[in-house]
Amino acid sequence: MSTFFGLSIASSGLRAYHASANTVANNLSNVDTKGYSKQVTNLKANSALRSYTDYGTLSTGVSAESVTQLRSEYYDNKYWQYSGFKGEYDEKISYMQQIETYFQDDTTVKGFSTLYAQFFNNIDTLSQTPADTSVRNQVISDAKNICSYFNTISSALKSVQEDLNEQTKSTVAEINAIAQKIALLNDQINDVEIAGAYANDLRDARSLLLDQLSGMVSIEVKETPVQNSNYPEMYTGATDFEVRINGLQLVDGNNYRQLECVARKHKVNQNDVEGLYDIQWADTKAQFDACSSLSSGSLKALVQLRDGNNHENFSGTVKNVSGRVVTVSSPSQTSEEALNLPPEGVLTLGNNTYTYSSFTLQKTASGEMEFQFVINSETSGLSSTVGRGASVGSSIDYKGIAYYQSQMNEFLRTFARKFNDIQKSGVDLYGNAMNSFFVASTTQGKELGFVDYVEGKTSSRADNYYQLTAGNISIATASKLDPSIFATATKEEFEQGVDNPELVQDLKKLQTDTILYRGSGGDQFLAYLISDVTVDSEEAELLSDNYSTIVSVVTKQRTSVSGVDEDEEALDLIKFQNAYNLCSKVVQIMSEMYDRLITSTGV
C-alpha cells in the first residue's frame, strides 16, 4: 500500500464531485431545452484492496461510473398513446367547425331553411295570382338562390377536401422525414454506446421525434439489447430499436421504410375532387390503412374528414358474370337518389380490383334491386368472383366531406324529381307542356333535363337524376329568361281559364307535407344535417379536451421523472460543492501530514 494512498482516495472524490457538478451545470443550462431529460452522474465505490491485516480490505475511493439520463419508459409509452388521440381530435375540431359554419342559418347568415321558407312563401303567393309576372320572377329568383346556395356549399366542401388532401400529403412527408432521422440516430446512438458511453443527448433527440410522430400516427416502440453472436450471454452495448406505426414496422435499427402518396386515377365517390391521394408503402406498394380502428393521430383524422362516408360506400354480392358484365345483388345503395358511385371507377371483387366504365341499377322481376357493372377488359378470373363480395371504395366510420356531399345530393334529387313531376303535369302561361324546372348544368354548358328517367332503373351514362348533384343543380335557362315558362295550372285548367291552380298547391305541399328526406319534409333537411355536423363537432371538442387533460397529466408525471427542477439542481450543486470542499480539505490535511512525515522524520 502506497504511503500516499490517502491522497489518492481524496483526489478520487475531487474528480467524482467535479463531474457531478458539471452534470448539474449541464442540467441547468438545458432547463428550457425542449425534449431534454435530466442527467445524473452515477457514483460508484472503487474496488477495495486486500491489506492482509485484521481489518481485511481497504477502500480505494470513488469514481464517476457514468452519466445517464432519467426517463420513464412507462410514461413515455402513455404519452405516445394519448398524444395520438389528442392529435386526431385536435385536427377534427377545426375542420368540423369550418363545415358547421357552411350550414349556418341565423339572423346573420341566410341559410337553407330561410331560403327554402321564402321560396314556398312566394309559391303560396303565386297560387293567389298565378299570372303575376313579378311574383313569378320572385319564385324563380328564390329557386335560383336555393341552387346557388347548394352550388356554393358543394364548392366550399370540395375546397376543404383539397386542403385535407394536401395536408395528408404533407403529413406523410413529415412521417417519412422523422423515420429517416430516427434510423440515423439509432446508428449514431449505437456507435457511442458500443464504445461504452451513454448517448444521452442523442436519445433525447430521438424521443422528441417520437413525440412528434405519435401525434400523427399511433406508434409502438421496442428496444432490445443486441447480444454477442459468439457469446449469447454477453451484450455488445448496442440495441435494436424498432418503431411501428398502426402495427406495421416503420423503423428497425438503421433501416427505415417510407410511405408514399399516389394520386387516384379514378374517384371513389361521385363528388370527390380529382387526384385524391391513396397512401401506400413505397417498398411493397401495399395500402396503408390510416383509418384502422386500432389507429389514431392527425393522419387518421385527415383521411376520415376527406373520405368519411359513414359506412355508406357501395357493397354487395356478385350474382353472376357474363362476359364483361358483372351483376351484383343485395347492394347497399338501392335508389337513384342515394347513389354516390362515380360513373366509372374501381370495383373490388373478392381480393382483386377491376376498373368499370359504366353501371346500371335496375329492379328485377322479383322486385329486388341489382347492379350491372361493365368491366373495361374481359378477364378469365371474373367467373371465380361469383358469390364473393363486391365493393367500391372503403367503408369509413366517419361523416366526412364525401358523406355531406352525398346527403345533399340525395335530398336535391328527391326534391327536384318531385318538383319537376308536378311541373310536367301542367303547362306554362303559353299553354305549352312544361319540361323540367330544376336541371343539372354540366361543365360543358349542357343542361340535363332528365329525359331518360325511368323509375326503378338508373344508368350512369343516361340523362337521369343520378347526374344531378349539389354542385350542378340549376334552373332551366328557359325559365330564367322568361318567367312565363313555369307551370301553375294543368292543361284542362288553362284551357278552361279556371282560376284554381291546384298544381301550385301541390308544389306548396313539398315544403312540409311530402316526405323528402329521412322520413320528413324538406324543411327538416337542414336540421338533420346540422345535427350530424354538430354532434361530430361537439364530440371532437369533448374528446380533444379529455385527451388534452390526460396528456397534461401524463406530461407532469413524465416531467417529474425526467424534467430539470431548478431548485433541486441548486440543492445538488450545494451538496456537491460541500463534498468537493471536504475532499479538498482531506487533500490539505494529507499534505500537512506528508510534510510533517517527510521533513521531521526523514522518511
Of 41-48, 182-189, 482-489, 80-87, ordering from highest average Cβ density within 10 Å down gives 80-87, 482-489, 182-189, 41-48
Counting only heavy atoms of protein chains, what accessible area per residue, in Å², does segment 260-341 have with a probe of 1.4 Å? 39 Å²
³J(HN,Hα) across segment 239-245 via Karplus (A = 6.51, B = -1.76, C = 1.60, θ = phi - 60°), whole Hz, x for Gly/Pro? 10, 9, 9, 10, 10, 10, 10
Along segment 460-468, Karplus-curve 3J(HN,Hα) (6.51, -1.76, 1.60; θ = phi - 60°) to the nearest Hz, with x for Gly and Pro, reads 5, 9, 9, 8, 9, 6, 4, 6, 7
Straight-distance crosslink candidates among aspartates and glutamates, where the alpha carbon sits under 13 Å from Lys363 and sequence neighbours closer than 8 are dropped: Glu336, Glu455
Highest mean first, how do 381-389, 246-254, 337-345 rank when packing is the count of other Cβ atoms within 10 Å averaged over residues? 337-345, 246-254, 381-389
In segment 150-214, if the dipole is taken from +1 on Lys/Arg beta carbons and -1 on Asp/Glu beta carbons about the Cα centre, which of Gln167, Ala197, Phe150 is farthest to the positive end? Phe150
So for segment 327-404, taking the charge dipole from beta-carbon charges (+1 Lys/Arg, -1 Asp/Glu), which of Gly367, Pro331, Thr348 sits furthest toward the positive end? Thr348
Whenever you get a sec, compute what percent of the accessible area on the chain sits on carbon and sulfur atoms (1.4 Å probe). 49 percent
Going by amide H atoms built from the backbone, whose H comes under 5 Å of the H on Gln333, apart from near neighbours? Ser315
Restricting to DSSP H runs of at least four residues, report the calculated mean residue ellipticity at 222 nm for the chain, -39500 (n - 2.57) per run over all residues, nearest 500 deg cm²/dmol. -16000 deg cm²/dmol
Would you work out if segment 503-603 is rounded, prolate or oblate? Take a ≥ b ≥ c from the square roots of the eigenvalues of the alpha-carbon gyration tensor; rounded if a/c is under 1.5, else prolate when a/b is larger than b/c, oblate otherwise. prolate
With x for Gly and Pro, the residue-by-residue ³J(HN,Hα) of segment 409-420, computed from phi through the Karplus equation 6.51 cos²θ - 1.76 cosθ + 1.60 at θ = phi - 60° and given in whole Hz, is 4, 4, 5, 5, 5, 5, 5, 4, 5, 5, 5, 5
Listed residue (Ile530, Tyr79, Gln249) projecting farthest to the positive dipole end of the chain, Cβ model: Gln249
Principal-axis tilt of helix 525-562 within the chain, Cα atoms, nearest 10 degrees: 0 degrees
Distance in Å, no decimals, from the C-alpha centre of segment 257-315 to the one of segment 134-171 is 24 Å
Hey, which of these cross-link pairs are over 18 Å Cα-Cα: Lys158/Lys399; Lys457/Lys491; Lys265/Lys446; Lys169/Lys300; Lys92/Lys399? Lys457/Lys491; Lys265/Lys446
Per-peptide average of other Cβ atoms within 10 Å, ordering 544-554, 323-333 highest first: 323-333, 544-554
For Thr68, the residues 5 or more places away or on another chain with a placed amide H closer than 5 Å to its own amide H are Val40, Asn42
Length-normalised contact order of the chain, Cα under 8 Å, at least 6 apart, in percent, tallies to 19 percent
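The values are calculated or read from the model by the stated rules, or taken from the named source; none is laboratory data. Everything quoted here is computed from the prediction, not taken from an experiment. Reconstructed Cβ throughout: ideal geometry from the backbone, glycine too, with neighbour counts over all protein chains shown. Ligands, DNA and RNA are excluded from the accessible area calculation, which covers all protein heavy atoms including side chains. Shrake-Rupley method; radii C 1.70, N 1.55, O 1.52, S 1.80 Å.
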